[in-house]
Amino acid sequence: MNKSRLGLLQTQILEILNQSELAKFELEDLPKTSTIYTDDIKIIIVKNGLAKLSFFEDGEEFILYHIQEDNIAVLDDNCVIEILENSKIYIIDSEKLVEILDNPGFVKAFYKTLLNIITLQRQIIKSILFEDAKGRIANFLIELAKEQDLKQNGYHYVFLPFSLKVLSSFVGLKRQSASTAFNELIKDDIIRKITPHEFLIIDYQKLQDYTN
């Protein structure tokens, strides 16, 4: 299972569960912008489409990761799933999980997903407590560069597939604070803007220094 905040959390869960096990889930056809909340705990599997899992702290939204096709998420009363494109979603209440916990592949994917959520929440909280705005942006860009592993003219190339407003929710900043920090990195030529969604990391070491 790869860990990623951009939805590359690969579980191949639909290959792990057989048809009789999948039949225990409710299958919902959800349009873009739909949201899923819960008062208890639900297990979500994306059959096709794209969604994002966020949690809330003191009224602020923090995006944990995007959930792509064939992946699993655990939803509790502190979280929300937003559908980013028309999607088919399998949903099951936690108390019904006992009926499929005999499947060792599912149990492994389930607990790895829980561990990943806990790890990401800790990283976000650590970032909020100890890093300034530039540090949070720098940390996210480095994470993205490692994940995408692309180079252009000897520099790390980063494709940012969303707006600064969304980026601010990933790093736990107000939109204006994220925009200011991001633009200062561009002004200092630490990163260079190619298009609204494409950037080069010109000074990778200096970007890393902001995260220390």
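The values are calculated or read from the model by the stated rules, or taken from the named source; none is laboratory data. If you're wondering where the values come from, they're calculated on a predicted model, not measured in any experiment. Neighbour counts are summed over all protein chains in view; Cβ atoms, including those assigned to glycine, are modelled from backbone coordinates with ideal geometry. Note: areas computed on protein heavy atoms with side chains; ligands, DNA, RNA excluded. Shrake-Rupley method; radii C 1.70, N 1.55, O 1.52, S 1.80 Å.
Look at the alpha carbon pairs under 8 Å that are at least 6 residues apart: their mean separation over the length of the chain gives a relative contact order of 19 percent.
Ligands, DNA and RNA left out, the accessible area of segment 143-204 computed with a 1.4 Å probe is 49% carbon and sulfur. Here are some values of log10 I(q)/I(0) by the Debye sum over Cα atoms at q = 0.09, 0.12, 0.19 Å⁻¹: (i) -0.37, -0.60, -1.44; (ii) -0.29, -0.53, -1.46; (iii) -0.39, -0.66, -1.34. Which one was computed from this structure? Structure-derived value, by its label: (iii). Phi-derived couplings, Karplus 6.51 cos²θ - 1.76 cosθ + 1.60 at θ = phi - 60°, listed residue by residue for segment 166-176: 5, 4, 4, 6, 5, 9, x, 10, 5, 4, 5 Hz, with x used for Gly and Pro. Here segment 25-86 exposes an accessible surface that is 41 percent carbon and sulfur, computed with a 1.4 Å probe and the other protein chains kept in place.
Once label points are set 7 Å from the Cα along Cα→Cβ at both Glu60 and Phe159, what is their separation, rounded to one decimal in nm? Distance between label points: 3.0 nm. 3J(HN,Hα) couplings calculated from phi for segment 17-23 with the Karplus curve 6.51 cos²θ - 1.76 cosθ + 1.60 (θ = phi - 60°) are, in sequence order, 8, 8, 5, 5, 6, 5, 5 Hz; Gly and Pro show x. Of the peptides 30-36, 149-155, 72-78, the ranking by mean beta-carbon count within 10 Å, highest at the top, reads 72-78, 30-36, 149-155.
With protein chains left intact and a 1.4 Å probe, residues in segment 107-185 average 54 Å² of accessible area per residue.
Amide H to amide H distances under 5 Å link Tyr65 with Leu53, where only residues 5 or more positions off or on other chains count and H is placed in the peptide plane. Using a probe of 1.4 angstrom and keeping all protein chains present, the accessible surface of segment 35-95 works out to 40 square angstrom per residue.
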